[in-house]
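Some notes on the structure that comes next.
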Amino acid sequence: MNYKPVIDFIRSLYPSRNFIPLHEPYFGGNEKKYVLDCIDSTYVSSVGKYVDLFEKMIQEFTGVKRAVATVNGTAALHIALLLAGVKPGDLVITQPLTFIATCNAISYCGADPVFVDIDRDTLGMSPEALEQWLSENVVIEGIEGREGLDGLASSTQLSQPVALYKWAKRPISACIPMHTFGHPCRIDRIIEICDRYHIPVVEDSAESIGSYYEGQHTGTFGKLGILSFNGNKTITTGGGGMVLTNDEELGKLAKHITTTAKKPHPWLFEHDMTGYNYRLPNINAAIGCAQMEMLPEMIRSKRDLAQRYQDYFLDLPEIEYITEPSNSISNYWLNCILLPDEQARNRFLQETNDQKVMTRPAWILMNQLKMFETALCGGLVTSMNIVARLVNIPSSIM
């Protein structure tokens, strides 16, 4: 296939640009005003009005009860896993098609990932693959003495049945589905399955701010969820993340341990548990507040771009454009196409990038990386098929 018409079409969407990036940030609001105000206040670190305001804006936009800002999405995911009860030696179920941060956060907890396959339409965790792996490999047992975060045990945690990998009696303490490239996975079904196995769900919604499944914002279904505001995300704070939860007590604890677990006091530095210096600086939150003011407009623009791509690729049967799944509204963070095979994918990547139109393949599957090559896996047929053919195409706001 001749890919020049595709390149010309993409260039027509961004006519004033010589080099077309994959996804660049958009600053068209009050970013400079709020940053200068932050500088003038001298509160540029983890204390200041913009941190609190940014958290409030995220709560109102997503409908979640508590949002806790962190320095990046990986930190948010690390904290969410700790709050979910993940401990050294545990197993955490996730998907192989994801960004490395998902598995890094698991490793920070001293746990190991288990990879189950994805759905072709959502690119996220397949509930059927999840249930099959659990039914073949897991038993439910009551385990006494499972303590909470930093040794703080609760009666609920002590009496709660635990899912165990039956071949080695290792607890499975969390499941992390991802809303890949902004497309919601079938999160309700995943949670229903995990509830039966007493496995908390932590949603990796790093890429899906402004995405909804059956009218509910992603990241708000599970015990905890996270968002990312990296420089290439739909909205950015330069670097930043957010822990989401509808559990008020978990929300309070998330804020406490991300602020070095310092007890409030006018001058004493007293810390009551192991904490993390993970709070988002006020100066970054100032950018985030300005970005949130524009988010609905930005989502509309991205969905308009997605519609243009969808209309264009309808006439190209050799290339499949990935649309939002059923019962979902996607933010279309990164637009995706599927080429016929790996050879065609590689040629498309070469030709587009040679013409200064940035495209990229999907991530290398996590189970193929050296750190995780011995991890437990279910059958990953769909993941392998998708990763060989998928390409992300320019998705910046027009």
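The values are calculated or read from the model by the stated rules, or taken from the named source; none is laboratory data. No experiment lies behind these values; they were computed from the predicted model shown. Because the Cβ atoms are built from the backbone with ideal geometry, glycine has one as well, and the counts that use them run over all protein chains shown.
Which ones in region 266-288 are crowded, with 20+ Cβ neighbours inside 10 Å, under 22 Å from the mean Cα position of the chain (by Cα) and either in a strand (DSSP E or B) or not aliphatic (A, V, I, L, M) (or both)?
Tyr278, Arg279, Pro281, Asn284, Gly288
If you check every pair at least six apart or on different chains, which have Cβ atoms under 9 Å apart with a residue in region 127-142 that is surrounded by fewer than 14 Cβ atoms within 10 Å (Cβ to Cβ) first and a residue that is outside any strand (DSSP E or B) and of a type in the set (Gly, Ala, Ser) second?
Close Cβ pairs satisfying both conditions: Glu136/Gly378; Gly142/Ser159.
Can you work out which of the residues in region 164-185 that are in contact with a Lys or Arg (Cβ under 9 Å, 6 or more places away or on another chain), part of a strand (DSSP E or B) and not hydrophobic (A, V, I, L, M, F, W, C) is surrounded by the fewest Cβ atoms within 10 Å (Cβ to Cβ)?
Pro171
Please enumerate the residues belonging to region 268-295 that are without any contact (Cβ under 8 Å) to a residue 12 or more places away in the chain, out of contact with any Lys or Arg (no Cβ under 6 Å at 6 or more places or on another chain) and not aromatic (Phe, Trp, Tyr).
Result: Leu268, single match.
For region 28-65, enumerate the residues that are assigned to a loop (DSSP other than H, G, I, E, B), surrounded by fewer than 19 Cβ atoms within 10 Å (Cβ to Cβ) and in contact with a strand residue (DSSP E or B) (Cβ under 9 Å, 6 or more places away or on another chain).
Ser45, Val47, Gly63, Lys65
Just one of Asn331, Asn335, Asn327 is exposed (fewer than 14 other Cβ atoms within 10 Å of the Cβ) and in contact (Cβ under 8 Å) with a residue 60 or more places away in the chain; which is it? Can you show your working first?
Details: Asn331 fails: exposed (fewer than 14 other Cβ atoms within 10 Å of the Cβ); Asn335 fails: exposed (fewer than 14 other Cβ atoms within 10 Å of the Cβ).
Within the list Asn331, Asn335, Asn327, the selection yields Asn327.
If Tyr108 meets every condition in (1) surrounded by 24 or more Cβ atoms within 10 Å (Cβ to Cβ); (2) more than 16 Å from the chain's Cα centre (by Cα); (3) not aliphatic (A, V, I, L, M) apart from one, which number is that one?
Exception for Tyr108: condition (1).
Can you list residue pairs whose Cβ atoms sit under 9 Å apart, with the first residue in region 35-55 being on the phi > 0 side of the Ramachandran plot and the second being polar (S, T, N, Q) and buried (at least 17 other Cβ atoms within 10 Å of the Cβ)? Count only pairs 6 or more apart in sequence or on different chains.
Gly48/Asn282
From Gly89, Gly73, Gly63, which residue is modelled with pLDDT of 95 or more, under 18 Å from the mean Cα position of the chain (by Cα) and farther than 17 Å from Gly251 by Cβ?
Selected residue: Gly73, the only one of Gly89, Gly73, Gly63 that is modelled with pLDDT of 95 or more, under 18 Å from the mean Cα position of the chain (by Cα) and farther than 17 Å from Gly251 by Cβ.
Report the residue count in region 186-210 for those that are out of contact with any His (no Cβ under 6 Å at 6 or more places or on another chain) and part of a loop (DSSP other than H, G, I, E, B).
Going through region 186-210 one residue at a time, the tally reaches 9.
From (1) more than 23 Å from Val357 (Cβ to Cβ); (2) in contact with a helix residue (DSSP H, G or I) (Cβ under 6 Å, 6 or more places away or on another chain); (3) surrounded by fewer than 18 Cβ atoms within 10 Å (Cβ to Cβ), pick out the condition that doesn't hold for Phe9.
The single condition Phe9 does not satisfy is (1).
Determine which member of the set Gly215, Gly238 is touching a helix residue (DSSP H, G or I) at 6+ places or on another chain (Cβ under 8 Å) and surrounded by fewer than 19 Cβ atoms within 10 Å (Cβ to Cβ).
Details: Gly215 fails: touching a helix residue (DSSP H, G or I) at 6+ places or on another chain (Cβ under 8 Å).
Just one listed residue meets the conditions, Gly238.
Ile364 fails exactly one of the following numbered conditions: (1) of a type in the set (Val, Ile, Thr); (2) without any contact (Cβ under 8 Å) to a residue 24 or more places away in the chain; (3) out of contact with any helix residue (DSSP H, G or I) (no Cβ under 9 Å at 6 or more places or on another chain). What is the number of that condition?
Going through (1) of a type in the set (Val, Ile, Thr); (2) without any contact (Cβ under 8 Å) to a residue 24 or more places away in the chain; (3) out of contact with any helix residue (DSSP H, G or I) (no Cβ under 9 Å at 6 or more places or on another chain) one by one, Ile364 breaks only (3).
Being farther than 19 Å from Leu22 by Cβ, touching a residue at least 60 places away in the same chain (Cβ under 8 Å) and in a helix (DSSP H, G or I): is that true of Leu316 here?
No: the conditions fail for Leu316.
Report the residue count in region 361-382 for those that are part of a loop (DSSP other than H, G, I, E, B) and within 20 Å of the chain's Cα centre (by Cα).
The total comes to 5.
Look at Thr74 and say whether it is touching a strand residue (DSSP E or B) at 6+ places or on another chain (Cβ under 6 Å), touching a residue at least 24 places away in the same chain (Cβ under 8 Å) and either buried (at least 20 other Cβ atoms within 10 Å of the Cβ) or not hydrophobic (A, V, I, L, M, F, W, C) (or both).
It is false that Thr74 is touching a strand residue (DSSP E or B) at 6+ places or on another chain (Cβ under 6 Å), touching a residue at least 24 places away in the same chain (Cβ under 8 Å) and either buried (at least 20 other Cβ atoms within 10 Å of the Cβ) or not hydrophobic (A, V, I, L, M, F, W, C) (or both).
Within region 241-251, identify whether any single residue is outside any strand (DSSP E or B), hydroxyl-bearing (Ser, Thr, Tyr) and crowded, with 16+ Cβ neighbours inside 10 Å, and answer yes or no.
no
Report yes if some residue within region 206-229 is closer than 17 Å to Gln95 by Cβ, acidic (Asp, Glu) and modelled with pLDDT of 95 or more; otherwise report no.
yes
Among the residues in region 389-397, are any more than 19 Å from the chain's Cα centre (by Cα) and assigned to a loop (DSSP other than H, G, I, E, B)?
Checking region 389-397: at least one residue is more than 19 Å from the chain's Cα centre (by Cα) and assigned to a loop (DSSP other than H, G, I, E, B).
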